[in-house]
1. Any residue at all in the range 95-113 that is over 16 Å from residue 40 (Cα atoms), touching a helix residue (DSSP H, G or I) at 6+ places or on another chain (Cβ under 7 Å) and surrounded by 14 or more Cβ atoms within 10 Å (Cβ to Cβ)?
2. Looking at the range 74-86, which of its residues are surrounded by fewer than 17 Cβ atoms within 10 Å (Cβ to Cβ) and in a loop (DSSP other than H, G, I, E, B)?
3. Please go through (1) surrounded by 14 or more Cβ atoms within 10 Å (Cβ to Cβ); (2) over 17 Å from residue 28 (Cβ atoms) for residue 71 and return the number of the only condition it doesn't satisfy.
4. Could you look through the range 87-124, keep only residues that are in a helix (DSSP H, G or I), within 18 Å of residue 49 (Cβ to Cβ) and in contact (Cβ under 8 Å) with a residue 40 or more places away in the chain, and pick out the one that is nearest to the chain's Cα centre (by Cα)?
5. Regarding residue 128, is this residue surrounded by 12 or more Cβ atoms within 10 Å (Cβ to Cβ) and either within 13 Å of the chain's Cα centre (by Cα) or more than 17 Å from residue 47 (Cα to Cα) (or both)?
6. Identify all residues within the range 56-67 that are in a strand (DSSP E or B), exposed (fewer than 13 other Cβ atoms within 10 Å of the Cβ) and in contact with a strand residue (DSSP E or B) (Cβ under 9 Å, 6 or more places away or on another chain); write none if there are none.
């Protein structure tokens with residue numbers, strides 16, 4: 001997204017174009033575990049909304065079949081650096097790690113390794129509208 005931010009420099013004001021990025025991720029989840037995953041997303045979203053560079057977050061869902069849904073996450077950041085820093089902040093939060101453990105049904109270390117691997121494959125788009 002091209003947005004214009006005003007920056008005051010003394011008595012002068014200038015405008016700077018900022019190109020944001022979109023993080024798009026999806027995962028298939030058993031319907032019976034949907035609440036756990038949505039709770040995890042909301043918890044993480046509360047953390048990342050307070051981080052520098054966060055612009056917006058959305059969570060969507062679609063039913064795949066009678067046992068499975070797909071959750072789609074779209075988060076907008078000012079930059080990839082802001083996203084990476086917020087990710088590091090979230091994975092160091094003890095409550096987030098406990099919710100990961102619950103969602104994935106494995107110990108915290110394994111859940112953390114799984115989420116780090118997933119983060120490496122996260123698709124990052126440049127917003128153009």
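Read-outs: derived from the displayed coordinates by stated rules, not from any lab. Everything numeric here is computed off the predicted structure, so don't read it as measured data. FYI the Cβ positions are ideal-geometry reconstructions off the backbone, even for glycines, and counts take in every protein chain you see.
1. no
2. Selection gives 79 alone.
3. That leaves (2) as the condition not met.
4. 90
5. Numbers: surrounded by 12 or more Cβ atoms within 10 Å (Cβ to Cβ): no; either within 13 Å of the chain's Cα centre (by Cα) or more than 17 Å from residue 47 (Cα to Cα) (or both): yes.
Criteria not met by residue 128.
6. Initially, the range 56-67 is screened for residues in a strand (DSSP E or B), giving 56-65.
Next cut, exposed (fewer than 13 other Cβ atoms within 10 Å of the Cβ) only: 56, 58, 60, 62-65.
Result: 56, 58, 60, 62, 63, 64.
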